[in-house]
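Here the structure comes first, spelled out in structure tokens, and everything after it is commentary.
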Amino acid sequence: VQLQASGGGLVQPGGSLRLSCSASGNLFEVNAMGWYRQAPGKQRELVAAITSGGNTNYADSVKSRFTISRDNGKKTVYLQMSSLKPEDTGVYYCYARKILAGPFWGQGTQVTVSS
């Protein structure tokens, strides 16, 4: 599984960004995809995930502000981020998990929330 993340950048507090993660390769039995993030000096944490059945899961800190979605035809998962805060700053990593393998990681994309 190969994952290509895009969409990061610099945004002011209160702004929005949309991250994209395009998947390719052997996607058989991929049952979940999502995003982790890592802030400087902190551990990587789960931000949001979506299962093959469409169930979603969010970190408490981003609930009601972030929305994860997917386009099966485009093999792409999106993370719509709104009302961004400085504490959302970090490197965001896309991942995919199979029933018996993974996680597979994409390259990180930097999100910086600053005025």
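The values are calculated or read from the model by the stated rules, or taken from the named source; none is laboratory data. Computed from a prediction, not measured in an experiment: that's the story for all the values here. Quick reminder, even Gly has a Cβ in these numbers, built from the backbone with ideal geometry, and neighbours come from all protein chains shown. Heads up: the accessible areas ignore ligands, DNA and RNA and are worked out on the full protein's heavy atoms, side chains in. Shrake-Rupley method; radii C 1.70, N 1.55, O 1.52, S 1.80 Å.
Considering every residue within the range 4-16, establish whether at least one is surrounded by 19 or more Cβ atoms within 10 Å (Cβ to Cβ) and touching a Lys or Arg at 6+ places or on another chain (Cβ under 9 Å). Taking every residue of the range 4-16 in turn, none turns out to be surrounded by 19 or more Cβ atoms within 10 Å (Cβ to Cβ) and touching a Lys or Arg at 6+ places or on another chain (Cβ under 9 Å). With respect to (1) of a type in the set (Lys, Arg); (2) open to solvent by less than 80 Å² (accessible area, probe 1.4 Å); (3) more than 11 Å from the chain's Cα centre (by Cα), the lone exception for Lys63 is condition (2). Of all residues in the range 41-97, which are among the acidic types (Asp, Glu) and assigned to a loop (DSSP other than H, G, I, E, B)? Correct list: Asp60 only. Quick one: would you say Lys42 is touching a residue at least 24 places away in the same chain (Cβ under 8 Å), open to solvent by 60 Å² or more (accessible area, probe 1.4 Å) and closer than 23 Å to Thr112 by Cα? Yes: the conditions hold for Lys42. Scanning the range 73-111 for residues that are β-branched (Val, Ile, Thr) and surrounded by 15 or more Cβ atoms within 10 Å (Cβ to Cβ), we see that the one that is farthest from Lys42 (Cα to Cα) is Thr76.
Could you tell me which residue of the range 17-32 is least open to solvent (accessible area, probe 1.4 Å), considering only residues that are of a type in the set (Ser, Thr, Tyr) and modelled with pLDDT of 95 or more? Steps first, please.
Just the residues of the range 17-32 that are of a type in the set (Ser, Thr, Tyr), to begin with: 20, 22, 24.
Checking which are modelled with pLDDT of 95 or more leaves us with 20, 22.
Details: Ser20: 21, Ser22: 51 Å².
Filtering the range 17-32 for residues that are of a type in the set (Ser, Thr, Tyr) and modelled with pLDDT of 95 or more, the one least open to solvent (accessible area, probe 1.4 Å) comes out as Ser20.
Filter the range 45-60 for residues that are over 14 Å from the mean Cα position of the chain (by Cα) and open to solvent by 50 Å² or more (accessible area, probe 1.4 Å); which is farthest from Cys21 (Cα to Cα)? My answer is Asp60.
Look at (1) closer than 16 Å to Arg97 by Cβ; (2) open to solvent by 70 Å² or more (accessible area, probe 1.4 Å) and you find that Trp35 fails only one, number (2).
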